[in-house]
Amino acid sequence: MKVDIALFAYLADHQPDGVGGRHARTFDLPEGTTIADMIANLGLPDQPRVVFVNNRHAAEDSTLHDGDRLAIFPPVAGG
Amino acid sequence: MQPSDQELRARLHASSVAVVGCGGLGSNVAAMLLRSGVRNLTLIDFDAVDASNLNRQLFFADQIGRPKTEALAETLLRIDPDAHLTLHSLRVTVENLVDLVRDADVVVEAVDRADTKAMVVNTCMEALPDTPLVTASGLAGYGSANSIATERPCDNLYLVGDLESDVNAGHPLFASRVMVASAHEAHAAIRRLLGFEEP
């Protein structure tokens, strides 16, 4: 299945192509892949984050589906 | 036909906003909302006013040591004695947050720590998916004020900031840039209360 993945802010450095930037890349993933699997595969640091799938908030144990658009955003401190 | 100024004001007067965190962002957001006509505000913060806050937060030297919610309420009531303010001087948690903000038309995240920001966003979007939430990330440092923007990454979430500038990375907080982010947050809330979904 094909899933588009966008990584915001400093997480963009973890895109496998190493190019950086927040634009989405398309990944070919096995059926049943969860968001948590992708977080592990991409080697994202264990830092606070917010996860969206298809513009809706999503839990990290959710399973991804063909055509999904996954976005992961890490808030940074300051206020 | 465009709504009249009076109709717009009436809409804002009848609205309520919960401000989670009353520091650099929240104290200024609350004042801007009130000045714009939002009279029902819930103010949530566990902290007390400190001398180090006065460089960017809407507090005064004679309020040092007082709970931020109470000090802010005092100032807001000087702006509008008819404001309806609900104060919660406590630390927000996954357990208490939803009940504190459930009745608001819009929730504004205005805390300082990254983990608390993520908790507020995750908890509100999970439990109150139909309530618009405004959050801020990336407002520290002396980067251009023009790099602070409002985005709408999903239907009911408005994301303010440059998304990068982390106070923990050694960037100081300047009143000017914090106020830009605060104004973005307040304005995103106002637009949404008036029915405009795009930031």
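Every number here is computed from the coordinates shown, using simple stated rules; none is lab data. Remember, predicted model here, so these are calculated numbers, not experimental data. Here the Cβ positions follow ideal geometry from the backbone for every residue, glycine too, while neighbour counts run over all protein chains shown.
In whole Å, what is the distance between the alpha-carbon centres of segment B:77-142 and segment B:179-194?
Each part's Cα centre sits 13 Å from the other's.
Could you work out how much longer the chain between B:Glu74 and B:Phe196 gets when fully extended? Use 0.36 nm per residue separation minus the Cα distance between them, nm to one decimal.
Full extension of this stretch gives 40.8 nm more.
Near A:Pro16, within a Cβ-to-Cβ distance under 13 Å, what is the net charge of the other residues, with Lys and Arg +1 and Asp and Glu -1? Present the calculation step by step, with values, prior to reporting the outcome.
Details: positive: A:Arg25; negative: A:Asp13, A:Asp17, A:Asp28.
With Lys, Arg at +1 and Asp, Glu at -1, the neighbours total -2.
When the helices in chain B are scored as -39500 (n - 2.57) per DSSP H run of 4 or longer and the sum is shared across all residues, what 222 nm value do you end up with, to the nearest 500 deg cm²/dmol?
For chain B, the value works out to -11000 deg cm²/dmol.
Within chain A, list the trypsin sites (Lys or Arg not before Pro) lying in a DSSP loop whose Cβ has at most 16 other Cβ atoms in a 10 Å radius. Don't jump to the answer; show the numbers that get you there.
Numbers: sites: A:Lys2, A:Arg22, A:Arg25, A:Arg49, A:Arg56, A:Arg69; in loops: A:Arg22, A:Arg49.
Those that pass, being in a loop and sparsely packed, are A:Arg22.
Can you check what the Kirkwood hydrodynamic radius comes to for segment A:2-73, Cα pairs only, in Å to one decimal?
For segment A:2-73, inverting the mean 1/r across all distinct Cα pairs yields 12.0 Å.
For the protein assembly as shown, I need the span (max minus min coordinate) of the C-alpha atoms along each principal axis, in Å, sorted largest to smallest.
Reported extents, whole Å, longest axis first: 60, 47, 36.
Work out, in µm²/s and without decimals, the Stokes-Einstein translational diffusion coefficient of segment B:58-199 at 37 °C, 0.692 mPa s, Rh from Kirkwood over C-alpha pairs.
The estimated diffusion coefficient comes to 202 µm²/s.
5 Å is the cut-off here: which amide hydrogens, built 1.01 Å from N in the peptide plane, fall below it relative to B:Tyr158, excluding neighbours closer than 5 in sequence?
So B:Tyr158 has HN proximity to B:Leu133, B:Val134, B:Thr135.
What does the structure give for B:150-163 when I average, per residue, the other chain Cβ atoms found within 10 Å of the residue Cβ?
On the way: counts 0, 2, 1, 8, 9, 4, 3, 6, 0, 4, 0, 5, 2, 9.
For peptide B:150-163, the averaged partner shielding equals 4.
Counting only DSSP beta bridges with both residues in segment A:2-73, what percent are antiparallel, rounded to the nearest 5?
Values: 11 of 15 bridges.
So the antiparallel bridges in segment A:2-73 amount to around 75 percent.
Just to be sure I understand: with springs between alpha-carbon atoms less than 10 Å apart, which residue in B:Thr135, B:Thr42, B:Thr75 has the highest mean-square fluctuation in the Gaussian network model of chain B?
Between B:Thr135, B:Thr42, B:Thr75, it is B:Thr75 that shows the largest mean-square fluctuation.
Taking chain B as a Gaussian network, where each spring joins two C-alpha atoms under 10 Å apart, which residue of B:His184, B:His171, B:His84 fluctuates the most?
B:His171
At 0.36 nm per residue, minus the direct Cα-Cα distance, what do B:Ala14 and B:Arg66 gain on full extension? Give it in nm, one decimal, please.
Full extension from B:Ala14 to B:Arg66 adds 15.8 nm.
Neighbouring Cβ atoms within 10 Å as the yardstick, rank A:His14, A:His23 fewest first.
Fewest-to-most ranking of A:His14, A:His23: A:His23, A:His14.
Compute, for chain A, the length of the dipole vector about the Cα centre, with Cβ point charges of +1 (Lys, Arg) and -1 (Asp, Glu) only. Units Debye, rounded to 20. Present the calculation step by step, with values, prior to reporting the outcome.
Numbers: 6 positive and 11 negative charges, 68 e Å.
For chain A, the charge dipole is close to 320 debye.
Over chain B, with a Gaussian network built from C-alpha contacts below 10 Å, which listed residue (B:Met125, B:Met32, B:Met179) shows the highest mean-square fluctuation?
B:Met125
Using the Karplus equation 6.51 cos²θ - 1.76 cosθ + 1.60 (θ = phi - 60°), what ³J(HN,Hα) coupling, rounded to whole Hz, does each residue of segment A:59-65 give in order, writing x for Gly and Pro?
7, 5, 8, 6, 8, 7, 10
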